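Here's the structure, in structure tokens; my notes come after.
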Amino acid sequence: MNVPWLTPLSPTAPTAQDTLRSAPATRADGRSFQQFVQEALAGKPLQLSGHAKVRLQERGVQWSASDWTKLQSAVELARGKGARAAYLVYGPVGLIVNVPTATVVTALEHTSQTVVTNIDSVVVV
């Protein structure tokens, strides 16, 4: 009995669409997409969330341009190590930073807050 839908399929050569699906996400210059995104975000200025602004104002924290440069360098260092959520210790202040977006999420006095959760890295500035 010859039933067409029961006959085995023969293998076919990969199509261009199959090749696109299996190809790694690389750019023409050989960099991966992840490398491209990390390089694009590198050097992005450190931003403050609304919550972090309020916390810093409550604590009377004011930093100079050189302080911000040091904090930015610390975020870049954490990014280079693969951090996603870092705790930066700078003097009496601790900052929780979303590293991929270079955004300070909140600020606290690390001398009074002895437990910090949901971070993957600590950088002492």
Please work out if GLN62 is part of a helix (DSSP H, G or I), at pLDDT below 95, of a type in the set (S, T, N, Q) and loosely packed, with under 14 Cβ neighbours inside 10 Å. no
Quick check, is VAL93 on the phi < 0 side of the Ramachandran plot, more than 19 Å from the chain's Cα centre (by Cα) and modelled with pLDDT of 90 or more? yes
Residue that is surrounded by the most Cβ atoms within 10 Å (Cβ to Cβ), among those in the stretch 72-84 that are in a helix (DSSP H, G or I) and hydrophobic (A, V, I, L, M, F, W, C): VAL75
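The values are calculated or read from the model by the stated rules, or taken from the named source; none is laboratory data. It should be emphasised that the depicted structure is a prediction, and the values quoted were computed from it without experimental measurement. As a convention, Cβ positions derive from the backbone with ideal geometry for all residues, glycine included, and neighbour counts pool all protein chains shown.
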